[in-house]
């Protein structure tokens, strides 16, 4: 018996430690709240949270709702044990109470990169018929962005081609961006059989696509779209942009989705009207300013509050999306799961299409519907971001507060 007791004590202590570790891990390092919103941390005995928000001292008592602050800005909270042992720091972004006008119209987007994006590499046949790889001695990788050649800024593929041909085969100094870090290398162009100089790099300076405008924010004139960022089709990296524009689009056809084969909205960007300028391409959507508000056919009467996360409920909601030119429709969906602590990606909620009319038209969630605003109980709660490839009726959505935060950062 004594032996069992001796064995049980350390096991009990380890179990308690595990429970505390899990509790600490469950508290996120970053959260977003609206002005005056209450938050709740599930803390165990002896755990305390306190800090400052805009010079205002705050304390969060265990397992109670506590208003962070009435002031917009940032707060730094410190989680401690018995007010002596620091366990974790939590960063809080406090957003102003926001109203938006959900949109739901399909639009075309054009993005222009900061420099030229490297999307591939290949050997070059020189004048001597030998094969060369000029990039082999550099650290350039697919997804990097060339921003200068011999200190001359590069913004287009044409400018890069011009500078390479001006080299006459002399070594060039390339400046490029690799994962937000500026780097340099030397590279010697190879003269080809047609007397042109090549680096063996395939590059691109722009991208285009179709997506859904999520909302318009009247006080800033800003808009949000897609709910996810635009990535390069070759590198699968988020495109770093210098500028961009949103334009109206003419829907040509709807390709229905099925298991293993996502559908899509096909549209043309030719001879369309400009909606506004894009300033930011983020993992949580595309953001910018509306220039021609008449292109969105908005009504001020549709303005509504952005819901806090604790207001979002499992169950019925509705989306707005455009499947026909000049027509925005409402369709029912179901909120199946909510991930309230998720601030690191755009899969905040799991959703399911339940509207038979939408299923008949699209087969579920299809490409081009990303950004479709979600409304529940008269408030904007988020936007569609993903479809499950093997289950086209289901997908994910991003929280509305995350999109609002990104909008303010883009101003």
* Structure fact -> Rounded to one decimal in nm, the spacing of the 7 Å Cα→Cβ label points at residue 299 and residue 131 is 6.4
* Give, to the nearest whole percent, the P(r) tail of the stretch 215-282 beyond 15 angstrom, counting all Cα pairs. => 69
* Structure fact -> Percent relative contact order for the stretch 123-199, counting Cα pairs under 8 Å at least six residues apart, stands at 36
* List, largest first, the extents of the alpha carbons of the chain along their principal axes, each in whole Å. => 85, 60, 48
* For labels at residue 180 and residue 388 in the simple 7 Å Cα→Cβ model, what's the distance in nm? -> 3.2
* Asked: Taking other Cβ within 10 Å of each residue's Cβ, how do 386, 228, 178 sort, fewest first?
  -> 178, 386, 228
* To do: Before anything else, pin down the relative contact order of the stretch 258-366: Cα pairs under 8 Å, at least 6 apart, normalised by residue count, whole percent.
  => 21
* Asked: Over the stretch 183-230, what is the mean sequence separation of C-alpha contacts under 8 Å (at least six apart), divided by residue count, expressed as relative contact order in percent?
  -> 20
* **For the chain, calculated [θ]222 nm from helices alone, where every DSSP H run of n ≥ 4 adds -39500 (n - 2.57)** => -4000 deg cm²/dmol
* Structure fact -> Applying the gyration tensor rule to the Cα atoms of the stretch 128-175 (axes a ≥ b ≥ c; rounded if a/c under 1.5, else prolate if a/b exceeds b/c, else oblate), the class is oblate
* Asked: Between residue 341 and residue 78, what length in nm is gained on full extension when 0.36 nm per residue of separation is reduced by their alpha carbon distance?
  -> 93.0 nm
* For residue 97 paired with residue 311, estimate the spin-label separation in nm (one decimal), with each label point 7 Å from Cα along the Cα-to-Cβ line. => 1.0
* Structure fact -> Under 15 Å by backbone N from the virtual spin label 7 Å along Cα-to-Cβ at residue 367, the residues of the stretch 231-245 are 231-237
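Just so you know, all these numbers are worked out from the coordinates, no wet-lab data involved. Being a predicted model, the structure only gives us computed values, none of them experimental. Every residue, glycine as well, gets a Cβ built from its backbone with ideal geometry; the counts of neighbours run over all protein chains shown.
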